[in-house]
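Single-structure report; data block below.
The values are calculated or read from the model by the stated rules, or taken from the named source; none is laboratory data. From a predicted model like this one, the values you see are computed outputs, not experimental measurements. Note that we place each Cβ from the backbone using ideal geometry, even for glycine, and neighbour counts take in every protein chain shown. Areas reflect the complete protein model, heavy atoms only, side chains present, ligands, DNA and RNA absent. Shrake-Rupley method; radii C 1.70, N 1.55, O 1.52, S 1.80 Å.
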Amino acid sequence: NERRNEIFKIINKNGSVKVNELMELFSVSIETVRRDLLFLEKQKCLQRVHGGAISISQMKRFNKLSQRLEENKQGKYELAQVAVSFIKEDDIIAIDAGSTAVEFIEAIKSKFHMLTIVTHSLDVFSKLCYIEGFNVILCGGCFLKEENAFYGQLTIDTIKKLHVSKVFIFPSAVSLKNGVADFNFELSQIQQAYFDIADEIIIMADSSKFEKNALIKICNMNSQYTFITDSQLSDEIYNLYEKNNINIIKKG
């Protein structure tokens, strides 16, 4: 009970915790940690996710890509309409994978005629590769079927050989305290690789993702990054981010 109380305190303080961190902290086996997390989940103290757990009070639920494609379409449309204003004709950009990418692609197709696009997303590649004037570079590697995207060292090695003016990242959660985060460890490594090759980092997150946590931190908050969100973000959160010198753009 004492160990489980400590786990609960850690979750509430940090928003999330990994299984291997708990194993090391308490010197217990992975089976023991899993039993503790299962018990606490049944008590509605936390939400288990792959590789760890996150706080229920701050949890951003992670659904399959097929489900996310149907979620908050208006918000994603608004994000895309704002984000295309950061692109200019003949630009070289990188695009993350995910449901927001699908809406973003449509906005790009309707506005531009010549672009070079780097991506690990099969959705982005398949929808843009045959368009005249678009040069699409697919960073292949191991294929993650449930996200329709590539990952792994081959993907990262390809990205590291490139340079883009802008990268557009689509995380699962954004928090002033805990930074920008996602749920998939393999794809978070790809997102981090993009940060190293881009002159400008643009993070697109609909209002439901703000002040939420996910298991894997991609990066800390940074005043040099641009955060784009939809019109439904509360004025309270928007003003809070501005006060903390975060460059946030809210669709009007």
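Numbers below:
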quantity	calculated
Single residue of the range 154-166 satisfying the filter (closer than 28 Å to Ile249 by Cα and either part of a strand (DSSP E or B) or of a type in the set (Lys, Arg) (or both)) that is least open to solvent (accessible area, probe 1.4 Å)	Val164
Scope the range 109-139; condition among the polar types (S, T, N, Q), under 15 Å from Val164 (Cα atoms) and open to solvent by 50 Å² or more (accessible area, probe 1.4 Å); matching residues	Asn135
The range 54-85: number of residues that are at pLDDT below 85, small (Gly, Ala, Ser) and open to solvent by 20 Å² or more (accessible area, probe 1.4 Å)	2
The range 86-108 - residue that is of a type outside the set (A, V, I, L, M) and in a loop (DSSP other than H, G, I, E, B) and, of those, surrounded by the most Cβ atoms within 10 Å (Cβ to Cβ)	Gly98
Search result, residues across the range 167-194 that are modelled with pLDDT under 90, aromatic (Phe, Trp, Tyr) and not in a loop (DSSP other than H, G, I, E, B)	Phe185
Residue match in the range 194-201 (condition: closer than 16 Å to His120 by Cβ and among the charged types (D, E, K, R))	yes
Breaking point among (1) among the aliphatic types (A, V, I, L, M); (2) touching a helix residue (DSSP H, G or I) at 6+ places or on another chain (Cβ under 8 Å); (3) free of Cβ contacts under 8 Å to residues at least 60 places away in the same chain; (4) farther than 22 Å from His50 by Cα, for Met221	(2)
Residue in the range 20-38 that is modelled with pLDDT under 85 and polar (S, T, N, Q) present	no
Residues (touching a residue at least 60 places away in the same chain (Cβ under 8 Å), outside any loop (DSSP other than H, G, I, E, B) and in contact with a strand residue (DSSP E or B) (Cβ under 7 Å, 6 or more places away or on another chain)) located in the range 195-215	Ala198, Glu200, Ile202, Met204, Ser207, Lys209, Asn213
Residue satisfying condition, being over 26 Å from Ile105 (Cα atoms) and surrounded by 17 or more Cβ atoms within 10 Å (Cβ to Cβ), within set Tyr225, Tyr194, Tyr241, Tyr151	Tyr241
